[in-house]
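The values are calculated or read from the model by the stated rules, or taken from the named source; none is laboratory data. All values reported here derive from a predicted model rather than from experimental measurement. So basically every Cβ, Gly included, is an ideal-geometry build from the backbone, and we count neighbours across all protein chains shown.
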Amino acid sequence: MTASTERYHRHHRIATGGMGEVWLAEDNVLHREVAVKYLKREYADDTGFHDRFLNEARAVTNLIGNGIGTIAIAKWDNSFDAETCQRELAALKDEKAAKKALLAQK
């Protein structure tokens, strides 16, 4: 079992593009749903694709954060699922509001 399959439990694919696929997954470390982009198997042994994939992920994450990075990559690949995105953003907003309320009680 690889590190990524130990950390993430995939639920279903939410986007696909030329280089990879984005899956809704459960993060077994943070115990929350996340979107995870995987390099397609046919490119796994191609160091050029592998390097490009990792560089893209690092650049987007460093610039605008993990969640927004996932959305940007899906839009770039023309595989953005607006309905799933809206659902995930609403859940994130609810989670942040709950945390803020909890901190206000302390």
(request) Those residues that are in a loop (DSSP other than H, G, I, E, B) and either touching a residue at least 60 places away in the same chain (Cβ under 8 Å) or closer than 21 Å to ALA90 by Cα (or both), I need them from segment 22-36; list them, please. (result) LEU30, HIS31
(message) Taking the condition of being surrounded by 12 or more Cβ atoms within 10 Å (Cβ to Cβ), modelled with pLDDT of 80 or more and closer than 25 Å to CYS85 by Cβ, how many residues in segment 44-56 meet it?
(response) 2
(request) Identify the single condition in (1) touching a Gly at 6+ places or on another chain (Cβ under 6 Å); (2) in contact (Cβ under 8 Å) with a residue 24 or more places away in the chain that LEU39 does not satisfy, given that it satisfies every other one. (result) (2)
